[in-house]
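Below is one structure, written out as structure tokens; the observations come after it.
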Amino acid sequence: MSNKYRDKKTGITRREILKVLGVSALSYGFLGASSKVYSKSTAHIVIVGGGIGGATAAKYLRLLNADVKITIVEPKSQYIFCPGSNEVIPGWITLEDLMVTYTTLKTHYRINVIQDKAQSINFDKKQLKLEGGDTLTYHKLIVSPGPTHHYEGIEGFNKELAEGAFPSAYSAGKQTMNLRNQILSMKKGGTIIISSPEDPYRCPPAPYERASYIATMLKDNNPTAKLLILDSKDDFIFSNNYLVYWEKHFGYGKADSMIEWVSKKKGGNVVKLDASIRAVITSNGDIHKGDVINIIPPEKAASFALQNNLAEGDWCPVDFFDFSSLLHDDVYVVGDSIEGDPMPKTGYIASNQARVVVQAINDELHGREVGSPFIINDCVAMAGQDYGMALAETFRYAGKGKKLGERYHILGAEKNKGKQIVRQQVAENWQRTFRKDVFE
Ligand SMILES: Cc1cc2nc3c(=O)[nH]c(=O)nc-3n(C[C@H](O)[C@H](O)[C@H](O)COP(=O)(O)OP(=O)(O)OC[C@H]3O[C@@H](n4cnc5c(N)ncnc54)[C@H](O)[C@@H]3O)c2cc1C
């Protein structure tokens, strides 16, 4: 267990050093703490990213430790929650409903929030350089910068197109509104295409939740329109619920169904966008024209993580014991940027990973042995304002460099109308409670 704190350069753990010195487990805490170059009152914990992972880390570290200095570096003055953002598309809520500021973190939790972008890390000096020119010295650095939406992973697609004629809307904001407006102004009987990416990507059920909401919109405003979901996977989470819902409400499976879902095996894998004719092209050469095209692109770790040598390939490797980077000492990475399989990339998971990190950091500051983490995922999704679904999942540490052990249970399709509504309310309330938990 205690190959935690293994120095990445020497490969020696603190426990091994103490063993060589003949130090007992009882005195380990005292020596462990005093051997550090900082104490619990002078430590400076710097956090890159004030999203779900970063904000949770800051708030919960403060709850654990009144003395430590905590700084978040985040370029935006407001954060817009992605959980719930699909509801903005049919107009059930507004983007403003999902916006939070950093005021409570600053004033109530005494978090120093610097509105700037983290640029580079000097791992030897333990310094973080910001784009604005400042340099912060850290004792521990927690990195939670979200993902990179890899638009170029689809030939012919790019960020400019996503911000204009072909909104991805996979980070809540202007693109979400653009997608909504395009659907509202689409011609009668038009076609909407959603391209769902291969795993891993943030919030696995979100493309299908979105599809359900859009179909509900169409049923009301444009009932002859079609929704085509082209998938780069052969199955998707909660398909046992969504397919039943689509069958009941949109005629899924029949010739005149409003929704069609095409798996990868059946030719759904989108590889190219031809913007000039508003069409996507799949790996088997099929051309699908769409009046509204919503490509959810593949993802990678955030560019900050990629540029700072925190990633191997597309994702950041971490020790799931405490989410410390496998590549650099005193740096922890959580959230959508990590190689976390089998953990999904969700806000709830990012938030729980952040809690594991700050517990470990706080234990270290107090010279305490860090306990083995348990991580849970309480994933909810909706198909409409009348149907919700849920997944309960646990993860258990299995050793450094090993995948976490996973157990999960997905609720099956629910036929009882009353129970469907209860499930929907649970999902909706979960989102609202979760938002408060992270930022208030
Ligand atoms: C449509 C949709 C619906 C979703 N629904 C759910 C749901 O119901 N439940 C759920 O649990 N999850 C849901 N998610 C997923 C969830 O939003 C993400 O998994 C979660 O936000 C990941 O947290 P994070 O901290 O890794 O990244 P984020 O929350 O994206 O935060 C990253 C932050 O880092 C900042 N940043 C980036 N680069 C830098 C830099 N160089 N310097 C400083 N700051 C930087 C960004 O500005 C951002 O504020 C949904 C996602 C989508 C798209």
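The values are calculated or read from the model by the stated rules, or taken from the named source; none is laboratory data. For clarity, every value in this text was computed on a predicted model and none was experimentally measured. Cβ coordinates were reconstructed from backbone atoms using ideal geometry, including for glycine residues, and neighbour counts include every protein chain displayed.
The set of residues in segment 327-367 that are assigned to a helix (DSSP H, G or I) and within 10 Å of the ligand (Cβ to nearest atom) comprises Gly335, Asp336, Ser337, Gly347, Tyr348, Ile349, Ala350, Ser351, Asn352, Gln353, Ala354.
The set of residues in segment 124-157 that are small (Gly, Ala, Ser), more than 22 Å from Ile52 (Cβ to Cβ) and touching a residue at least 24 places away in the same chain (Cβ under 8 Å) comprises Gly153, Gly156. Taken over segment 203-214, residues that are in contact with a strand residue (DSSP E or B) (Cβ under 6 Å, 6 or more places away or on another chain) and either away from the ligand (no atom under 16 Å from the Cβ) or in a loop (DSSP other than H, G, I, E, B) (or both) amount to 1. Could you tell me whether Asn284 is touching a residue at least 12 places away in the same chain (Cβ under 8 Å), in a loop (DSSP other than H, G, I, E, B) and on the phi < 0 side of the Ramachandran plot? So Asn284 fits the description; yes.
Scanning segment 90-99 for residues that are surrounded by 22 or more Cβ atoms within 10 Å (Cβ to Cβ) and more than 18 Å from the chain's Cα centre (by Cα) yields a single hit, Pro90. For segment 177-188, the condition of being assigned by TED's automatic domain parsing to the domain that holds Pro200, within 12 Å of the ligand (Cβ to nearest atom) and within 25 Å of Phe81 (Cβ to Cβ) holds for at least one residue.
In segment 151-160, the condition of being out of contact with any Cys (no Cβ under 9 Å at 6 or more places or on another chain), in the same structural domain as Leu230 (by TED's automatic domain parsing) and within 14 Å of the ligand (Cβ to nearest atom) is met by no residue. Taking the criterion of being over 22 Å from Glu155 (Cα atoms), among the hydroxyl-bearing types (Ser, Thr, Tyr) and either surrounded by fewer than 19 Cβ atoms within 10 Å (Cβ to Cβ) or touching a helix residue (DSSP H, G or I) at 6+ places or on another chain (Cβ under 7 Å) (or both), the residues of segment 185-237 that qualify are Ser185, Tyr208, Ser212, Tyr213, Thr224.
For segment 51-83, how many residues are surrounded by 17 or more Cβ atoms within 10 Å (Cβ to Cβ) and either in contact (Cβ under 8 Å) with a residue 60 or more places away in the chain or assigned by TED's automatic domain parsing to the domain that holds Gln175 (or both)? The qualifying residues number 19. For the residues Ala350, Ala360, the requirement of being under 19 Å from Thr56 (Cβ atoms), under 16 Å from the mean Cα position of the chain (by Cα) and surrounded by 14 or more Cβ atoms within 10 Å (Cβ to Cβ) singles out Ala350. Tell me, yes or no, whether segment 172-183 has at least one residue that is part of a strand (DSSP E or B) and surrounded by 20 or more Cβ atoms within 10 Å (Cβ to Cβ). Within segment 172-183 (the criterion being part of a strand (DSSP E or B) and surrounded by 20 or more Cβ atoms within 10 Å (Cβ to Cβ)), the answer is no, since none of the residues qualifies. I need the full set of residues from segment 129-150 which are within 11 Å of the ligand (Cβ to nearest atom) and of a type in the set (Val, Ile, Thr), in order please. Correct list: Ile142, Val143, Thr148. The sole residue among Val380, Val426, Val422, Val370 that is under 28 Å from Val100 (Cβ atoms) and either over 24 Å from the mean Cα position of the chain (by Cα) or in a loop (DSSP other than H, G, I, E, B) (or both) is Val422. Taking strands (runs of 3 or more DSSP E) as the structural unit, those lying wholly within segment 52-159 and holding at least 3 residues that are under 29 Å from Asn309 (Cβ atoms) correspond to 69-73, 112-114, 118-122, 127-130, 135-137, 140-143, 147-149.
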